[in-house]
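The values are calculated or read from the model by the stated rules, or taken from the named source; none is laboratory data. This is a predicted model, so every value here is computed, not measured. Here the Cβ positions follow ideal geometry from the backbone for every residue, glycine too, while neighbour counts run over all protein chains shown. Ligands, DNA and RNA are stripped out before the accessible areas are found, and what is left, the full protein with its side chains, is counted by its heavy atoms. Shrake-Rupley method; radii C 1.70, N 1.55, O 1.52, S 1.80 Å.
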Amino acid sequence: MTKSEINIKPAKRYKRIAAAILDTLLAIIAIGSLSLPLYFIYFNNVNPPTPSTSLGLVLISMLTGALATLVCLIYEVLLPFVWSGQSFGMRVMRIKIVDEKGQLLKLRQLVIRAITVVFTFITTAGVSLIAEIFIVALSTDHRSFNDTVSRIYVVDYVRKPLKLSDEKEG
């Protein structure tokens, strides 16, 4: 099936970008908070540098990077899986992730998406983040490279209002 056969309408550009900014800010706060003890250890051991403190600082830096990657993977995989295709930023902007058929994502698709995001970010030293913003903003279907690889769409999401019945059954 093609996109037009199942009538998937991509989310508006500004909603995707705003959701990504909100998610990034939340990730920075979470990673910064979790890494705070490591920063204190780092700054307390900078002067005077010795071979043992230098090795410790390298290990702390690696641990901080691993922790940041783990937090990002959890945020990119578990949160959308539990929240039916939404991260915090997506929930605020009322958009969600669906598969090519318009259905909820499988865990496998979220893992592929998260690995692609992390891998491209690390291998391009963050340049991919800027490129993704331009791809989403300028493409007709508003899909990023990561969306295409994992075969997903980001769509507008509006909850259906609850029907309230004034009639009493009787």
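For this structure, a couple of remarks:
- Placing +1 on the Cβ of every Lys and Arg and -1 on the Cβ of every Asp and Glu, with nothing else charged, gives the stretch 36-124 a dipole about its Cα centre of roughly 360 debye.
- Its relative contact order, with pairs defined as Cα atoms under 8 Å and 6+ residues apart, puts the chain at 31 percent.
- Approximating the spin labels as points 7 Å out from Cα along Cα→Cβ, the V92-to-T24 distance works out to 1.3 nm.
- Karplus 3J(HN,Hα) series, Hz, for the stretch 120-126 with 6.51 cos²θ - 1.76 cosθ + 1.60 (x for Gly, Pro): 5, 5, 5, 6, 9, 6, x
- When I95, I21 are compared by accessible area of protein heavy atoms, the largest-first order is I21, I95, using a 1.4 Å probe.
- Magnitude of the charge dipole, the stretch 18-170, Cβ model with Lys/Arg +1 and Asp/Glu -1, debye to 20: 220 debye
- Label-to-label distance, V111 versus L70, with points set 7 angstrom from Cα along the beta-carbon direction: 1.8 nm.
- Efficiency of FRET from Cβ geometry, K9 and I133, R₀ 22 Å, rounded to 0.05: 0.60
- With the simple model of a label 7 Å out from the Cα in the direction of the Cβ, F119 to L78 spans 2.3 nm.
- For the chain, the number of Lys pairs with C-alpha atoms closer than 16 Å, counting only pairs eight or more positions apart or on separate chains, is 7.
- A convex hull fitted to the Cα coordinates of the chain yields 169 cubic angstrom per residue.
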